[in-house]
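Novice: What follows is a structure written as structure tokens; I'll ask about it next.
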Amino acid sequence: MEKKIITSANAPAPIGPYSHANLIGNTLYVSGQVAKDAVTGEMVQSDIKAETRKVMENIVAILKEAGMDQTHIVKTTIFCTDLGDFTQINEVYGSFFNGNYPARETVQVVKLPLNANVEISVIAVK
């Protein structure tokens, strides 16, 4: 199967040697996204809810570029630096779905790129 690189001008440029996403067949693998603003290049870190919202908005922008939306997400991985933020992350994350939730795991890590507090990657199928 052919691999197609997906890049969105509405999501922040990758900070390393990786693509926003790879589309293989009807499956989209989206790289982990942090709360970097695509326009300003600044991290959104006023609070964990705003940070999580920006992460999800970046994911939605990449999905849109591939002709998908969050209803196509089948699996997510959430990395956070403090599981004490789990309830607030969950609240914002959940607001991007209409009850048709993807499979998911949430993992606490010591540190994330750009000193992010949350990073989310997804797999979506069309």
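We did not get these values from a lab; they are worked out from the coordinates using the rules stated. Computed from a predicted structure; not experimentally measured. Virtual Cβ from ideal backbone geometry, glycine too; neighbours counted across all protein chains shown.
Novice: Per residue of the range 18-26, what does 6.51 cos²θ - 1.76 cosθ + 1.60 with θ = phi - 60° give for ³J(HN,Hα)? Whole Hz please, x for Gly and Pro, Karplus curve as stated.
Specialist: My calculation for the range 18-26 gives 8, 9, 3, 7, 10, 9, 10, x, 9 Hz in order.
Novice: Would you please give the residues with an amide H less than 5 Å from that of Ser31, counting only those at least 5 places away or on a separate chain, with H modeled from the backbone geometry?
Specialist: Amide H to amide H, under 5 Å and 5 or more residues apart or across chains, Ser31 pairs with Ala21, Asn22.
Novice: Which peptide among 48-60, 102-114, 23-35, 86-98 comes first, and what is the full order, when sorted by highest mean count of other Cβ atoms within 10 Å?
Specialist: Descending packing order for the listed peptides: 48-60, 23-35, 86-98, 102-114.
Novice: Please give the net charge around Val44, taking every other residue with its beta carbon less than 12 angstrom from that of Val44, where Lys and Arg add +1 and Asp and Glu add -1.
Specialist: -1
Novice: Separate question: Per residue of the range 116-123, in order, report the coupling 6.51 cos²θ - 1.76 cosθ + 1.60 (Karplus, θ = phi - 60°) as ³J(HN,Hα) in whole Hz, putting x for Gly and Pro.
Specialist: Each residue's phi maps through the Karplus curve to give 5, 9, 8, 9, 10, 10, 9, 10 Hz.
Novice: Can you give me the long-range amide H partners of Met43? Hydrogens built in the peptide plane at 1.01 Å from N, cutoff under 5 Å, separation of 5 or more residues or another chain.
Specialist: Close amide H contacts, sequence-distant or interchain: Asp37.
Novice: For the range 1-67, rounded, prolate or oblate, judged on the Cα gyration tensor with a ≥ b ≥ c (square roots of eigenvalues), a/c < 1.5 rounded, else prolate if a/b > b/c?
Specialist: Judged from the Cα gyration tensor, the range 1-67 comes out prolate (a/c at least 1.5, a/b above b/c).
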